[in-house]
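Here the structure is laid out as structure tokens; the discussion comes afterwards.
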Amino acid sequence: MSLPADHNRLIAHFARARLAPLGCQRKGRSRLWFDDQGWWAGVVEFQPSGWSKGSYLNVGAMWLWAPVDHWVFHEFDRAEPFHEFEDESQFSAAVAHLADRAGTEILAQRQRFAALAPVATILEPKRAEGLWPRYHAAMAAALTGQVATAQERFLEFAGLATAAPWADARARATRLAGAMTAPEEARQLIAQEVHETRAKLGLARWPAGRDLWNGATLPA
């Protein structure tokens, strides 16, 4: 099999061979791949360096309940250090390893984030790490039926997120805190946030007959 010599094409080739069969999709012609799981997405980045040809490997997750129009890591792991391009043979082996590691990490994430309850357990102690962790913990609490706790967390976030760049998120948190009074209502409200994020990211609308919160994982 003949492989392209350009290092970016090699990355695309091996990433596609490993990640596409898992149901992951490439963002345009970039070095970023995503694993759409409804209310969250796995994110794989074959990160370049500003100094040398090659790639790091970053794998993490993005919670889709905070409407933004770009991909971000809410959970992040530098899965592999920088692998530098030296020649086609050497880098083919290196990027094949990176792609295989990416696939392994994606499958592990599907297990780790398969249900809302363990995600809420993971996010709650991270509240002290910053404003977004507080917001995510509030969302997870709401989605696991802890409505009073979620309201408290949203208002806590709104009270701290006073700088101008946080105006939209603060308004959303305040609105959600006042609007949700029961677990099912909370899920309906947050589902609207998820659908908005999916639209901003250009993701397909989640099928109406498929449970957004407990949808079946794409086959490995």
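Brief remarks follow.
- Listed candidates (1) 83, 14, 12; (2) 36, 18, 14; (3) 27, 21, 16 - label of the one calculated as semi-axes √(5λ) of the Cα gyration tensor in Å: (2)
- Ordering Ser92, Ser30 by the number of other Cβ atoms within 10 Å of each residue's own Cβ, fewest first, gives Ser30, Ser92.
- Net charge dipole, the range 7-112: roughly 280 debye, given to the nearest 20, about the Cα centre with Cβ charges of +1 for Lys and Arg and -1 for Asp and Glu.
- The Stokes-Einstein estimate for the range 54-150, based on a Kirkwood radius over Cα pairs and taken at 37 °C with 0.692 mPa s viscosity, is a diffusion coefficient of 214 µm²/s.
- Here the range 120-188 is assigned +1 on the Cβ of each Lys and Arg and -1 on the Cβ of each Asp and Glu. Its dipole about the Cα centre then comes out at about 120 debye.
- Rounded to the nearest 20, the Cβ-based charge dipole of the chain about its Cα centre (Lys and Arg +1, Asp and Glu -1) stands at 400 debye.
- Here Lys126 is the anchor, and the lysines within straight C-alpha reach of less than 27 Å, apart from those fewer than 8 places off in the same chain, are Lys200.
- The range 7-112: equivalent-ellipsoid semi-axes (sqrt of 5 x gyration tensor eigenvalues, Cα, Å): 23, 14, 12
- Residue-averaged 222 nm ellipticity for the chain, from DSSP H runs of 4+ at -39500 (n - 2.57), nearest 500: -15500 deg cm²/dmol
- Normalised convex hull volume, the range 116-201, alpha-carbon set, Å³ per residue: 92 Å³
- Ranked Phe34, Phe46, Phe73, criterion: other C-beta atoms within 10 Å, fewest first: Phe73, Phe34, Phe46
- Exposure proxy ranking for Arg9, Arg205, Arg112, based on other Cβ atoms within 10 angstrom of each Cβ and starting from the fewest, stands as Arg205, Arg9, Arg112.
- Value in Å of the Kirkwood radius, where the range 151-220 supplies the Cα pairs that are averaged: 13.9 Å
Read the figures in this text as sums done on the coordinates, not as results from a lab. Fair warning: this is a prediction, and the values are worked out from it, not measured in the lab. Counting neighbours? That spans all protein chains shown, and the Cβs are built from the backbone with ideal geometry, glycine included.
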